[in-house]
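S.K.: The following block contains the structure, expressed as structure tokens.
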Amino acid sequence: MTVPPAVTRALTWAAAFAYLAVPTTVVLHTGEPTGTRLVPPVLSAALVLPLFPRRPGVALAVLLAGSASAAVAASSRVAALYPFGGSAGWQLGQAQALLAALAVAYVAATRRPRTAVTAAVATLVVQALSLGFARTGADAYVSHLVVLVLTTALAGTAGRLLRERRRHARELRSREAAEAVTAERLRIARELHDMVAHSIGVITIQAGVGRRVAGARPEEARRALGAIESTGKDTLAGLRRMLVALRADDPEAAPREPAPGLADLDRLVAATAGAGVRVGLERRGTSRGLPPDVDLAAYRIVQEGITNVVRHAHTDACRVVVDLSGDAVSVEITDDGPGLPDRTGGRGEGGRGDGPRGSGAGYGITGMRERAALLRGQFTAGPRPGGGFRVAARLPLPQEAR
């Protein structure tokens, strides 16, 4: 059975205000508040606890009022010092002071600094007035008041530190979430760029070939159209897999096809040959199982390097070297083409980009550099001294994969 919220609120307020009378009543009817007789007035403070989350200021005021009345009653009954002294009532005074300090700490941890300061000052004023009812000398009063001030200040500082720690933790979580979103967006952007740029480059060249030879050599035109169809299907399949993975609510529903890797270079070389660029592929070292992130990054760097050759180098050949020896995976893509009229155009280290000459609109070399940087690798790209262009990356392997 669910209790209506209105009933819960009414019971919370009723219990809190009942505390105003409970400690005093217990003290007046149980004798000296010491030993086991101290337990009921202290435990009765639990009546106020449910009010703290919603109304900490009111809850603190009720707690102080009940504590003060109980302390005054104990002082008048047993002539004890409040909150510290040599007779029986000092135990109740200490317990009530501790409860008040915990309440101040809670307010400081959950409310603004101004509210926390107000709560601390109000607590000290009430405690100072209650302390005045104890029959004690001026020196004892001052020493007891100093102890109360230090206790309240310590409680407020502890609550403030807890509040700052929680705020800092929230900021860190928010920052980590924003960084995760940014990293995921960059990853998706790189995947889309590397997947689409190569295919569009091949399709554009094949479409141009088909247009030029459509009348004179229909067989060649049909072959170009077939290459366009095959490349387009592969690209659409890759995009579909990526979109399904991004939109899947259930991680188990994500596609299980492996990501491309260096083992798929032969297929990439064949597709590039269909675009009119011969790729000389050389593998060095022993083939071994590579970490998926390194394998994918190496493949994408080779793919983007070949794409730049197809789109910008103005040559019909390039060379790819994949070195699996040692403690890293090294890839190198070189060509001898004249490339763009201004070989310093676009992005990169004085090298070829994806956009028009000097536009800086491309993201190919930037994406390759980011892939290498994420794996703590090295990346270089730029014109070769004897002409042409060179792209090289070295991706270190983790210790367990060496």
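The values are calculated or read from the model by the stated rules, or taken from the named source; none is laboratory data. This one's a predicted model, so the numbers in the text were calculated from it and none came from an experiment. As a convention, Cβ positions derive from the backbone with ideal geometry for all residues, glycine included, and neighbour counts pool all protein chains shown.
S.K.: Counting only residues that are polar (S, T, N, Q) and within 25 Å of A95 (Cβ to Cβ), which one in segment 1-35 is modelled with the highest pLDDT? Can you show your working first?
M.R.: First, the residues of segment 1-35 that are polar (S, T, N, Q): 2, 8, 12, 24-25, 30, 34.
Filter again for within 25 Å of A95 (Cβ to Cβ), leaving 12, 24-25, 30, 34.
On the way: T12: 81, T24: 74, T25: 74, T30: 62, T34: 61.
It comes out as T12.
S.K.: Select the helices (runs of 4 or more DSSP H) contained entirely in segment 43-132, then report the ones holding at least 2 residues which are of a type outside the set (S, T, N, Q) and modelled with pLDDT under 75. I'd like the intermediate steps shown before the answer.
M.R.: Details: elements: 56-78, 90-110, 113-131.
Ranges flagged: 56-78, 90-110.
S.K.: Look through I188, I205, I200 and report the one residue that is in contact with a Leu (Cβ under 8 Å, 6 or more places away or on another chain) and either within 30 Å of D295 (Cα to Cα) or part of a helix (DSSP H, G or I) (or both).
M.R.: Working: I205 fails: in contact with a Leu (Cβ under 8 Å, 6 or more places away or on another chain); I200 fails: in contact with a Leu (Cβ under 8 Å, 6 or more places away or on another chain).
Only one candidate qualifies: I188.
S.K.: What residue, among those in segment 376-400 that are buried (at least 20 other Cβ atoms within 10 Å of the Cβ) and in contact with a Pro (Cβ under 9 Å, 6 or more places away or on another chain), is farthest from L290 (Cα to Cα)?
M.R.: The qualifying residue farthest from L290 (Cα to Cα) is F389.
S.K.: Quick one: in segment 204-232, of everything that is surrounded by fewer than 20 Cβ atoms within 10 Å (Cβ to Cβ) and within 13 Å of R311 (Cβ to Cβ), which residue is nearest to the chain's Cα centre (by Cα)?
M.R.: Taking segment 204-232 as the starting set, the residues that turn out to be surrounded by fewer than 20 Cβ atoms within 10 Å (Cβ to Cβ) are 204, 207-208, 211-223, 225-226, 229-230, 232.
Narrowing further to those that are within 13 Å of R311 (Cβ to Cβ): 204, 208.
Numbers: T204: 41, G208: 47 Å.
The qualifying residue nearest to the chain's Cα centre (by Cα) is T204.
S.K.: So in segment 272-290, with the set limited to residues that are in a loop (DSSP other than H, G, I, E, B) and surrounded by 12 or more Cβ atoms within 10 Å (Cβ to Cβ), which one is modelled with the lowest pLDDT?
M.R.: As a first pass, look at segment 272-290 and keep what is in a loop (DSSP other than H, G, I, E, B): 275-277, 285-290.
Checking the rest, the ones that are also surrounded by 12 or more Cβ atoms within 10 Å (Cβ to Cβ) come to 275-277, 285, 290.
On the way: A275: 74, G276: 79, V277: 86, G285: 86, L290: 87.
Across segment 272-290, the extreme among qualifying residues is A275.
S.K.: Next question. Before we move on, is A169 in a helix (DSSP H, G or I), loosely packed, with under 11 Cβ neighbours inside 10 Å and outside the structural domain of L268 (by TED's automatic domain parsing)?
M.R.: Numbers: in a helix (DSSP H, G or I): yes; loosely packed, with under 11 Cβ neighbours inside 10 Å: yes; outside the structural domain of L268 (by TED's automatic domain parsing): yes.
Spelling it out, A169 is indeed in a helix (DSSP H, G or I), loosely packed, with under 11 Cβ neighbours inside 10 Å and outside the structural domain of L268 (by TED's automatic domain parsing).
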